[in-house]
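Reading through the structure tokens given below for one structure.
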Amino acid sequence: MAPDRHERSFDELVRIMAVLRAPDGCPWDREQTHMSLRKHLVEEAYEAVAAIEAGDDAEMADELGDILLQVVFHAQIASEDGRFDIDDVADAIVTKLRRRHPHIFADAVADTAAEVVERWDRIKRTEKAGKGALAGIAQTLPALTLAEKISRRAVGVGFEWETVEDVWDKVHEEIEELKETSSGSPEAEDELGDLLFTVVNVGRKMGVDPEQALRGACAKFTRRFTDMEQVAAEMGSDLAEMGTDDMEALWRRAKEGDHA
């Protein structure tokens, strides 16, 4: 008989995790540490994003459950050492949400999403007073996301271009500096990084998430390139054996089909 909903509740998940970590529990689960589980938390997060982008509700629920398992797993390990438990984790986020939403739980006013973000960032700066505007940013974030987060924090204390045109001027400046370097040199790497960082700020100024924008571009390129391969195969050809003009013609065809 299938378990009822109570037996599939959050409390039951916490109980099962404790059973798995018990002395007579699962050998693999008992061996895990915070450090050994790091990669699993990252992998599960990416798999959940893939399910969200696919619009697959069943898969999304499954992958979010995997993330929840990771949270409970870490809390169980910590509780065994008397450091914190799952209730402390829940209490921390509840407290944070209440503190950072004074327009809901207190008498502050925020009528737009932009005002909410601005207030959220201001409250975070107050929480981290004395630690520096860039303190606490995880350096393990994807590079574009990291750059956007660093930029937004700097803007929060007034370090900002006045207009998006000013950022465009900086982009052109960085392009020229990159062109003056030698291919494969440390200077080229440094200047390319400066250019990418500046382009991230263009996205921020224009209200575009750079990470999502590049992911979209990668998906678009993959879709069009795959179409080129399929058309070439139908013609009895191989892209690797085609000339530049022929490949360019296939690319234009794939691009036009992508917009159809």
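Observations, loosely collected:
- Restricting the first member to the range 1-17 and to residues that are closer than 18 Å to Ala61 by Cβ, and the second to residues that are surrounded by 13 or more Cβ atoms within 10 Å (Cβ to Cβ) and at pLDDT 90 or above, the beta-carbon pairs closer than 6 Å and six or more apart or on different chains are Leu13/Val72.
- Residue match in the range 108-116 (condition: surrounded by 12 or more Cβ atoms within 10 Å (Cβ to Cβ) and in a helix (DSSP H, G or I)): yes
- On inspection, Val71 fails the criterion of being at pLDDT below 95 and in a helix (DSSP H, G or I).
- Scanning the range 89-107 for residues that are in a helix (DSSP H, G or I) and surrounded by 13 or more Cβ atoms within 10 Å (Cβ to Cβ) gives Val89, Ala90, Lys96, Arg99, Arg100, Pro102, His103.
- Of all residues in the range 141-161, at least one satisfies being polar (S, T, N, Q) and in contact (Cβ under 8 Å) with a residue 60 or more places away in the chain.
- Subset tally (residues that are under 14 Å from the mean Cα position of the chain (by Cα) and among the charged types (D, E, K, R)) for the range 202-216: 3
- Scanning the range 124-151 for residues that are at pLDDT below 90 and either in the same structural domain as Val42 (by TED's automatic domain parsing) or of a type outside the set (Ser, Thr, Tyr) (or both) gives Lys124, Arg125, Glu127, Lys128, Ala129, Gly130, Lys131, Gly132, Ala133, Ala135, Gly136.
- Long-range neighbours under 8 Å by Cβ, at least six apart or interchain, first residue not assigned by TED's automatic domain parsing to the domain that holds Cys218 within the range 35-64, second part of a helix (DSSP H, G or I) and among the aromatic types (Phe, Trp, Tyr): Leu37/Phe73
- Among the residues of the range 22-56, the ones that are of a type outside the set (S, T, N, Q), within 19 Å of Asp81 (Cα to Cα) and in a helix (DSSP H, G or I) come to 9 in all.
- If you go through the range 139-155 and keep only what is of a type in the set (A, V, I, L, M, F, W, C) and outside any helix (DSSP H, G or I), you end up with just Leu141.
- So Thr181, is it surrounded by 15 or more Cβ atoms within 10 Å (Cβ to Cβ), assigned by TED's automatic domain parsing to the domain that holds Val167 and assigned to a loop (DSSP other than H, G, I, E, B): yes
- Scanning the range 117-138 for residues that are assigned to a loop (DSSP other than H, G, I, E, B) and surrounded by fewer than 16 Cβ atoms within 10 Å (Cβ to Cβ) yields Lys128, Ala129, Gly130, Lys131, Gly132, Leu134, Ala135, Gly136, Ile137, Ala138.
The values are calculated or read from the model by the stated rules, or taken from the named source; none is laboratory data. Being a predicted model, the structure only gives us computed values, none of them experimental. Here Cβ is always computed from backbone atoms with ideal geometry, including for glycine, and neighbour counts include all displayed protein chains.
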